Amino acid sequence: MDTFISNSPEETQSLGRRWAAELAPGTVIGLSGDLGAGKTQLVKGLAAGLGITERVNSPTFGLVNEYETGRIPLFHLDLYRLDTPEQIRAAGLESYLFNPAGLTVVEWIDRWLEAAHDRAGFPKLFRHVWIESTTETERRIRHEDSGH
């Protein structure tokens, strides 16, 4: 497991830009962390690294934001409002979670991981990222890859 310490939103975005340069289509990044930990800041950096110039916001109420102007498409999901495995399956998000045509980033991935245990299969390329607020400005960002 790799660890990165970020001291500002800009440093978190910079990490996302670096990751965007190395990630292939079909990758799913799952983000875990409390409200305000910096999940959306990391997504903004990923988008910038892919060459996406659109404004990036968390899709809390729409569930999915699609950005297709970059090197590869970015699909930004937010599962905060979905509480059960049944709700996640009923939302029709599986095409984003299994071998997507671009890069999928999922905020509140823990809600889906619980549902994933109920079914066979997992994304072929998966990076699980944990973002923890250690002080008001510092974040510990840990990640682990599977399938890369």
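The values are calculated or read from the model by the stated rules, or taken from the named source; none is laboratory data. Everything numeric in this text was worked out from a predicted model, so none of it was measured. Reconstructed Cβ throughout: ideal geometry from the backbone, glycine too, with neighbour counts over all protein chains shown.
Does segment 35-48 contain any residue that is surrounded by fewer than 18 Cβ atoms within 10 Å (Cβ to Cβ) and out of contact with any Lys or Arg (no Cβ under 6 Å at 6 or more places or on another chain)?
Let us first name the residues in segment 35-48 that are surrounded by fewer than 18 Cβ atoms within 10 Å (Cβ to Cβ), namely 35-36, 48.
Checking the rest, the ones that are also out of contact with any Lys or Arg (no Cβ under 6 Å at 6 or more places or on another chain) come to 35-36.
Yes, segment 35-48 has at least one match.
Looking across segment 59-87, the residues that are surrounded by fewer than 17 Cβ atoms within 10 Å (Cβ to Cβ) and polar (S, T, N, Q) come down to T60, T69, T84, Q87.
Can you find a residue that is of a type in the set (K, R), farther than 27 Å from R17 by Cβ and out of contact with any Pro (no Cβ under 6 Å at 6 or more places or on another chain) anywhere in segment 62-79?
Kept after step one, since they are of a type in the set (K, R), are these residues of segment 62-79: 71.
So of that shortlist, the ones also farther than 27 Å from R17 by Cβ come out as none.
For segment 62-79, residues of a type in the set (K, R), farther than 27 Å from R17 by Cβ and out of contact with any Pro (no Cβ under 6 Å at 6 or more places or on another chain): absent.
Just to be sure, is L15 closer than 30 Å to T135 by Cβ and under 15 Å from the mean Cα position of the chain (by Cα)?
Working: closer than 30 Å to T135 by Cβ: yes; under 15 Å from the mean Cα position of the chain (by Cα): yes.
Yes: the conditions hold for L15.
Sub-9 Å Cβ pairs linking a first residue in segment 15-32 that is under 16 Å from V64 (Cα atoms) to a second residue that is charged (D, E, K, R) and assigned to a helix (DSSP H, G or I), at least 6 apart or interchain, are G30/D110; L31/K39, ordered by first then second residue. On the stretch given as segment 109-148, residues that are at pLDDT below 90 and of a type in the set (F, W, Y) total 2.
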